[in-house]
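Everything on this sheet refers to the single structure shown next.
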Amino acid sequence: MNLKDCHNFNDFRKLAKKKLPSPIFHYIDGGADDEKTLKRNTDSFDDCDLIPNILASVGKPDLSTTVFGKKIDMPIFLSPTAMQRLYNHEGDLASARAAEKFGTFYSMSTMANNTIEEVADISDGPKLFQLYVHKDQSITDDLIERCKVSGFNGMCLTVDTLVAGNRERDHRTGFTTPPKLTLQSLMSFAMRPEWVFNYFTHKKFELSNVKNKTDKGTNISKSVIEYINEQYDPAMNWKDAEYCVKKWNGPFALKGVMSIDDAKRAIDIGCTAIMISNHGGRQLDGSRSPFDQVNAIREAVGDKLEIILDGGVRRGTHVLKALAAGATACSFGKMFLFSLAAGGQQGVEHLLQNMHDEINRNMVLMGCKNLKELNSSKLIYRKQI
């Protein structure tokens, strides 16, 4: 199996599993506790059906939308994901180049393996930065200022990771950052010589944006759970979020909003967007899926916020359903990380091309000339039938 055989999420996942050592594959693949929310994130899209209109003379549909003050060529973008260097030696640089080629957002995690400045140097495409509030406020302030200087277009504050979720797969595999060999994982690494060669012959693994503030996760191996619990501020509150909004003073989203009340409060503190997300089912198991919440939140906030649905997207039809329910755009992490592991920049480009083609084809089949025509009239929930 190679990249040309990857036509969907499961294909990219299968190839990534073949290429990655077990602890790293399962770090992408897993969720919290019993992983019920992880599964529900995708299954929720099956609770409704699309209703097409015929003979609409669609021609070539317009897939563009605007998020974070930037027009993008299609209503999807790459979610911020940590430590991309683990999945391919080019890491964030590969993702940023691929996103720029397709006219959409690349999103950088605080826990990236390339610096804000390195990515700004190689990509003129739209860029979003994912911020975490650290116990050391100087880290937070430094990240915001560097993003301003480097010309990032938007910022999102992740608010659902005050403490780390219980990711039992990581306990079983012994996953740490940076990776360390154990008796349990030795065979898995040994059976992936290409990954081992690329890991040790390219840029050193480090949490590049915070390495000058802490050596945890760079020179001192930590589980992700340990890193989050040591570095992030579990006492973060609405005042902290408002501080970040004002300090950034530009397009800003809260990532991890799931309730109507929190969406309304996001407006009050000056947010321009929210990302409806449960962190890919990796935090609170048993929580609602983003798709389950998008329609109710849109009805509550009207046009006062851009709404990004983050989580569970696997198909172009999922994107159409999300937009019909009220989302402005969708983002995804797990799917693009599998494509990065499967083929680096070329893998991410292959995924984005697949998704573009699916969305474009299904817009024609739906009889929709542009994304505004995807509204609640195009969607029916099976419980209503």
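Data for the structure
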| read-out | value |
| --- | --- |
| Residue of TRP238, TRP195, TRP248 that the Gaussian network model of the chain assigns the largest fluctuation, springs spanning Cα pairs under 10 Å | TRP238 |
| Listed residues GLY302, GLY154, GLY125, most fluctuating in the chain (Gaussian network, C-alpha, under 10 Å) | GLY302 |
| Compactness of region 3-384, expressed as Rg and Dmax over alpha-carbon positions, Å | 19.8, 63 |
| Estimated FRET transfer efficiency when R0 is 56 angstrom, pair LYS372-LEU181 (beta carbons, to 0.05) | 0.60 |
| Ranked list, fewest to most other Cβ atoms within 10 Å of each Cβ, for MET187, MET366 | MET187, MET366 |
| Antiparallel DSSP beta bridges within the chain, percent to nearest 5 | 20 percent |
| Distance (nanometres) between label positions extended 7 Å along Cα→Cβ at ILE380 and ARG146 | 5.3 nm |
| Packing-based exposure ordering (other Cβ within 10 Å, fewest first) of GLU349, GLU145 | GLU145, GLU349 |
| Potential extension, GLU299-ILE122 segment - 0.36 nm per residue separation minus Cα distance | 59.8 nm |
| Net charge contributed by nearby residues that have their C-beta within less than 13 Å of ASN198 (K/R +1, D/E -1) | +3 |
| 3J(HN,Hα) from dihedral phi, region 269-281, Karplus parametrisation 6.51/-1.76/1.60, rounded to Hz, x for glycine, proline | 8, x, 5, 9, 8, 9, 10, 6, 7, 10, 6, x, x |
| Magnitude of the charge dipole, the chain, Cβ model with Lys/Arg +1 and Asp/Glu -1, debye to 20 | 580 debye |
| Ranking of SER376, SER138, SER331 by count of other Cβ atoms within 10 Å, fewest first | SER138, SER376, SER331 |
| GNM top mover of VAL301, VAL348, VAL319 - the chain, alpha-carbon springs below 10 Å | VAL301 |
| Relative contact order [Cα under 8 Å, 6+ residues apart], region 303-385, whole percent | 33 percent |
| Simple label model, 7 Å out from Cα along Cβ direction - ASN166 to LYS101, nm | 4.3 nm |
| Pairs from LYS321/LYS369; LYS14/LYS255; LYS36/LYS383 whose Cα-Cα separation, in the structure shown, is over 24 Å | LYS14/LYS255 |
| Estimated FRET transfer efficiency (GLN137, GLU226; beta-carbon r; R0 35 Å; 0.05) | 0.95 |
| Sites ILE260 and ASN198 - FRET efficiency at Förster radius 45 Å, r taken between beta-carbons, to 0.05 | 0.50 |
| Neighbour cut-off at most 15 other Cβ (10 Å), DSSP loop, GluC sites (Glu not before Pro), region 1-109 | none |
| Region 297-330: trypsin sites (Lys or Arg not before Pro) in DSSP loop, at most 13 other beta carbons within 10 Å | LYS304 |
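We did not get these values from a lab; they are worked out from the coordinates using the rules stated. Predicted model, so just to flag it, every value in this text is computed and none were measured. Backbone-built Cβ (ideal geometry, glycine too); neighbour counts: all protein chains shown.
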